[in-house]
Amino acid sequence: MSPANDSPFEVDCPQCAKKVAWAPESTYRPFCSKRCQLLDLGAWADESHRIGGESAMDEADIETLLAQADKDAPLS
């Protein structure tokens, strides 16, 4: 018995919204092309894309924690 729909599962390219077959021959899936994949990677590197949530510590916070740790460390 074969599935009712023999066409491959398709997704929209996250960059340009072109339909992409979700199949092994779709090398850049979910992207339609290397270009769209690189544009998306560039947006993450540029911090245009980001995952919401609490901000990470900045260098000043880290320095404060390290200074406190130095004070608390026992001398051996």
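The values are calculated or read from the model by the stated rules, or taken from the named source; none is laboratory data. None of these values were measured; they are calculated from a predicted model. Reconstructed Cβ throughout: ideal geometry from the backbone, glycine too, with neighbour counts over all protein chains shown. Remember, those area values only see protein heavy atoms, side chains included, never the ligands or the DNA or RNA. Shrake-Rupley method; radii C 1.70, N 1.55, O 1.52, S 1.80 Å.
Stretched out straight at 0.36 nm per residue, the stretch from residue 67 to residue 48 would grow longer than its current Cα-Cα span by 3.5 nm. Sequentially through segment 16-32, phi angles give Karplus couplings (6.51, -1.76, 1.60; θ = phi - 60°) of 10, 6, 5, 5, 10, 6, 8, 8, x, 6, 8, 4, 9, 3, x, 8, 7 Hz, Gly and Pro residues having no value and appearing as x.
Surface composition of the chain: carbon and sulfur atoms hold 55% of the protein heavy-atom accessible area at a 1.4 Å probe.
Normalising the average separation of contacting C-alpha pairs (under 8 angstrom, six or more residues apart) by the number of residues puts the relative contact order of the chain at 16 percent.
Each Lys and Arg contributes +1 and each Asp and Glu -1, all at the Cβ; summed about the Cα centre of the chain, the dipole is approximately 640 debye. For the peptides 8-21, 39-52, the ranking by packing is 8-21, 39-52, with the highest mean count of neighbouring Cβ atoms within 10 Å listed first.
The residues of the chain present an accessible area of 89 Å² per residue when probed at 1.4 Å with all protein chains retained.
In this simple spin-label model, placing a label point 7 Å from the Cα along the Cα-to-Cβ direction at both residue 55 and residue 7 gives a separation of 4.7 nm.
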